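Some notes on the structure that comes next.
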Amino acid sequence: MWPVILCIAVTVVAVTHWLYRWQNPRCNGNLPPGSMGWPLLGETIQFFAPNPTWDTPPFVKERMKRYGPIFRTNLVGRPVVVSTDSDFNYMIFQQEGQLFQSWYPDSFTEVFGRQNVGSLHGYMYKYLKNMVLYLFGPESLKKMLNEVESVAERNLQKWAGQESVELKEATANMIFDLTAKKLINYDPEKSSENLRENFVAFIQGLISFPLDIPGTAYHKCLQGRKKAMAMLKKMLEERRANPRKEKSCFFDYVLEELDRGDSILTEAIALDLMFVLLFASYETTSLAITVAVKLLGDNPRILHELTDEHENILRNRENTESGLTWKEYKSMTFTFKLINETARLANIVPGVFRKALKDIKFKDYTIPAGWAVMVCPPAVHLNPVNYKDPLEFNPWRWEKMDQKGASKNFMAFGGGMRFCVGTDFTKVQMAVFLHCLVTKYRWKTVRGGEIIRTPGLQFPNGFHVQLTVKDKQQQDPSE
Ligand code: HEM
């Protein structure tokens with residue numbers, strides 16, 4: 001009898017102590033205020049709760065009110081410090097590799113691969129980043145400009161012949177095909193297998209609760225990864241068996257590196273990189289284009305100014321039939337303001353994750369070594385102290401602001417060493433698409449356009465529009 005009572009007593013004490021430690025983690029200083037939520041679950045369910053607004057997620061907003069700009073929580077079993085403080089965010093980005101290191105939850109790493117660029121550090125990371133910049137840097141983009149334009153023109157023409165088009169899906173397909181061609185020379189019309197199909201359930205899975213059992217969004221997402229990786233591997237093997245004299249895509253470049261013998265690149269790293277680039281390029285940019293078109297439709301004055309800018313480009317051109325030049329692209333000043341304003345409001349990346357490499361002091365707080373830190377861009381972009389009337393779509397606000405790269409108050413593309421390598425590619429795609437759209441077409445919303453954040457941005461009912469070729473006499477392309 002006594003041993004049983006003793007056993008129960010020891011268990012009760014151990015569980016009570018564990019519960020106490022869950023709520024009061026050890027720290028050599030003052031932890032930021034906050035709650036660690038339920039044992040094991042933490043505050044994961046509240047974090048993923050859908051909300052239908054453009055504003056800072058209620059999860060963050062409520063805690064900012066209660067605890068201030070830096071607070072602690074627990075997400076998917078991990079202690080996390082959430083930062084909505086511009087100065088702390090800046091420090092986090094600048095101290096990459098010193099005090100903080102890029103880190104993403106295990107569920108992300110499972111999906112993107114253990115050796116994806118976001119999980120690599122030091123020499124290997126720099127090597128990969130240079131490879132990506134070779135592909136998406138200004139010199140490559142200059143060469144790509146006319147191809148981006150003809151792809152946009154072709155697709156818009158096709159959509160204009162349809163009753164309605166779901167813009168998010170349509171632009172995602174358009175960008176996926178273009179990126180897949182540049183990366184791996186993939187042509188969906190010539191391939192027996194559909195690569196894009198494997199990415200369909202992806203975004204829902206990536207930002208859902210990471211439960212890998214049949215039927216869940218996360219499970220579907222992992223299955224998609226498996227199939228896509230098998231296809232990429234097969235394509236790489238086929239290319240190796242039939243090498244090309246002229247390097248025509250990124251695959252050829254990767255193969256040359258892999259065959260060099262002394263290269264640090266491995267096949268697994270190269271395949272993870274392809275996978276991340278394919279996903280990052282189509283999902284982010286298609287969302288940004290859809291948000292821009294939706295907001296333009298809701299704001300005729302902005303659409304008018306944008307149309308003016310692009311019609312002027314055509315008016316000032318000697319040969320009206322020639323394609324866009326790099327100089328013309330660079331002259332799209334209002335468009336770049338509009339792209340920044342779209343990225344500020346869209347908050348496509350709702351959280352940027354890091355891990356504290358040592359105990360870190362900031363103001364009165366200590367972040368213990370090993371803890372995760374989540375920079376929350378929406379809270380900075382939608383703070384009225386940083387942006388007057390933050391929910392208003394107002395590209396003109398960028399007139400007096402730095403529009404290049406990142407700043408303490410603008411981190412839609414991250415900041416510091418890990419600043420998004422695809423930013424220029426996205427800007428080219430968006431600007432060229434908008435150029436083709438507003439100079440030749442008008443559109444009206446057929447249905448959808450509502451947003452939801454979980455906390456990643458989604459259009460649950462899509463955004464269905466009807467496109468018609470613009471009548472030359474008409475001023476305004478949107479009804
Ligand atoms: C609207 C479009 C986009 C947005 C909002 C966006 C946002 C971001 C953000 C916030 C980061 C920083 C992540 C971090 O610090 O952990 C990032 C990194 C990255 N982005 Fe983008 N991105 C966009 C488009 C693209 C495109 C088109 C590509 C592909 C060509 C791309 C590839 C990457 C890669 C590979 C990284 C990792 C860089 C690193 O770890 O150094 N992104 N992006």
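Separation of region 8-68 and region 270-287 by C-alpha centroid, Å?
So the separation of the two Cα centres works out to 33 Å.
Sort all Cα-Cα distances of region 122-163 into consecutive 5 angstrom bins from zero, then give the percent of pairs in each bin up to the one containing the longest distance.
5, 20, 15, 13, 12, 11, 9, 7, 4, 2, 0
What trypsin sites (Lys or Arg not before Pro) in region 118-218 are in a loop by DSSP, with at most 14 other Cβ atoms within 10 Å of the Cβ? Write out the running numbers ahead of the final one.
Working: sites: LYS126, LYS129, LYS142, LYS143, ARG154, LYS158, LYS168, LYS181, LYS182, LYS190, ARG196; in loops: LYS190.
Answer in residue order: LYS190.
In cubic angstrom, how much convex hull volume per residue do the alpha carbon atoms of the chain span? Don't skip to the end; give the middle numbers.
Values: hull volume 87.6 nm³, N = 479.
Each residue corresponds to 183 Å³ of Cα convex hull volume.
What do the square roots of 5 times the Cα gyration tensor eigenvalues come to for region 323-372, in whole Å, largest first, as semi-axes of the equivalent ellipsoid? Don't skip to the answer; put the middle values down first.
Working: eigenvalues 337, 30, 23 Å².
Equivalent ellipsoid semi-axes, largest first: 41, 12, 11 Å.
Can you run phi through the Karplus equation (6.51, -1.76, 1.60; θ = phi - 60°) for region 157-167 and list ³J(HN,Hα) in whole Hz, with x for Gly and Pro?
Values, residue by residue: 4, 5, 5, 5, x, 9, 4, 7, 9, 8, 5 Hz.
Treating the beta-carbon of each Lys and Arg as +1 and of each Asp and Glu as -1, no other charges, what is the dipole magnitude of the chain about its Cα centre, to the nearest 20 debye? Provide the component values of the computation, followed by the final result.
Numbers: 59 positive and 52 negative charges, 190 e Å.
Using Cβ point charges on Lys, Arg, Asp and Glu, the chain gives about 920 debye.
For SER322 and ASP389, FRET efficiency with R0 = 41 Å and r from the beta-carbon atoms, rounded to 0.05? Display every interim value, and only then the final one.
Working: r = 41 Å, r/R0 = 0.99.
Efficiency computed from Cβ-Cβ geometry: 0.50.
Please quote Rg/Rh for region 297-340 to two decimal places, taking the Kirkwood radius as Rh and restricting both calculations to Cα atoms.
Working: Rg = 11.4 Å, Rh = 11.3 Å.
Using only Cα positions, Rg/Rh for region 297-340 is 1.01.
Using packing as a proxy for protection, rank 438-450, 340-352, 15-27 so that the peptide with the highest average count of other Cβ atoms within 10 Å comes first.
Numbers: 438-450: 17.6, 340-352: 22.4, 15-27: 11.2.
Highest to lowest by the protection proxy: 340-352, 438-450, 15-27.
Using mean Cβ contacts within 10 Å as the protection proxy, how do 368-376, 44-52 order, highest first?
Top to bottom by mean Cβ count within 10 Å: 368-376, 44-52.
Over region 115-262, what is the relative contact order in whole percent, taking alpha-carbon pairs under 8 Å and six or more residues apart? It would help to have the intermediate numbers written out before the result.
Values: 85 pairs, mean separation 24.9, N = 148.
It comes to 17 percent, rounded to a whole number.
Can you pull the percent of Cα pairs in region 1-80 with separation above 18 Å?
Working: 1707 of 3160 pairs.
Here the long-distance tail beyond 18 Å is 54 percent of all Cα pairs in region 1-80.
Return an integer: the convex hull volume of the alpha-carbon atoms of region 184-341, in Å³ per residue. Walk me through the numbers before you get to the answer.
Working: hull volume 32.3 nm³, N = 158.
Given the Cα convex hull of region 184-341, per-residue volume reads 205 Å³.
Find the relative contact order for the chain and round it to a whole percent, using C-alpha pairs within less than 8 Å whose residues are 6+ positions apart.
Details: 692 pairs, mean separation 119.8, N = 479.
Across the chain, relative contact order equals 25 percent.
For region 127-274, compute the orientation-averaged projected area of the C-alpha convex hull (one quarter of its surface), in nm².
For the Cα atoms of region 127-274, the hull's average projected area reads 11.3 nm².
Run the dipole for region 299-352 about the Cα centre, Lys and Arg Cβ at +1, Asp and Glu Cβ at -1, nothing else charged, and hand back the magnitude in debye, nearest 20. Walk me through the intermediate numbers first.
Numbers: 7 positive and 8 negative charges, 44 e Å.
Here region 299-352 has a charge dipole of around 220 debye.
With n ≥ 4 as the cut-off for DSSP H runs, can you work out [θ] at 222 nm for the chain, using -39500 (n - 2.57) per run divided by the number of residues, rounded to the nearest 500? Mind showing how you got there, number by number?
Numbers: 17 runs with 239 residues, N = 479.
After summing the helix terms and dividing by residue count, I get -16000 deg cm²/dmol.
At a temperature of 10 °C and a viscosity of 1.306 mPa s, determine how fast region 263-379 diffuses translationally according to Stokes-Einstein, using the Kirkwood radius over alpha-carbon pairs as Rh; express D in µm²/s, rounded to the nearest whole number.
86
Among the listed pairs LYS330/LYS440; LYS61/LYS168; LYS245/LYS327, give every one whose C-alpha distance is greater than 30 Å.
LYS245/LYS327
Which value in Å is the Kirkwood Rh of region 26-129 over different Cα pairs? Let's see the in-between values first.
On the way: mean 1/r = 0.0635 Å⁻¹.
The answer is 15.7 Å.
Which Cα, out of PHE279, THR266, ASN312, lies furthest along the positive dipole direction of region 261-315 (beta carbon charges, K/R +1, D/E -1)?
Of PHE279, THR266, ASN312, it is ASN312.
If you split all Cα-Cα distances of region 340-479 into 10 Å bins from zero, what percentages do you get per bin, shortest first?
9, 28, 34, 19, 6, 3, 0
Based on alpha-carbon centroids, what's the gap between region 420-444 and region 309-336 in Å, whole number please?
So the separation of the two Cα centres works out to 13 Å.
Quick note: the coordinates plus some simple rules give every number you see, no bench work behind them. Just so it is clear, the structure is predicted and the values come from calculations on it, not from any experiment. Methodologically, a virtual Cβ is constructed for each residue, glycine included, from the backbone with ideal geometry; neighbour enumeration extends over all protein chains shown.
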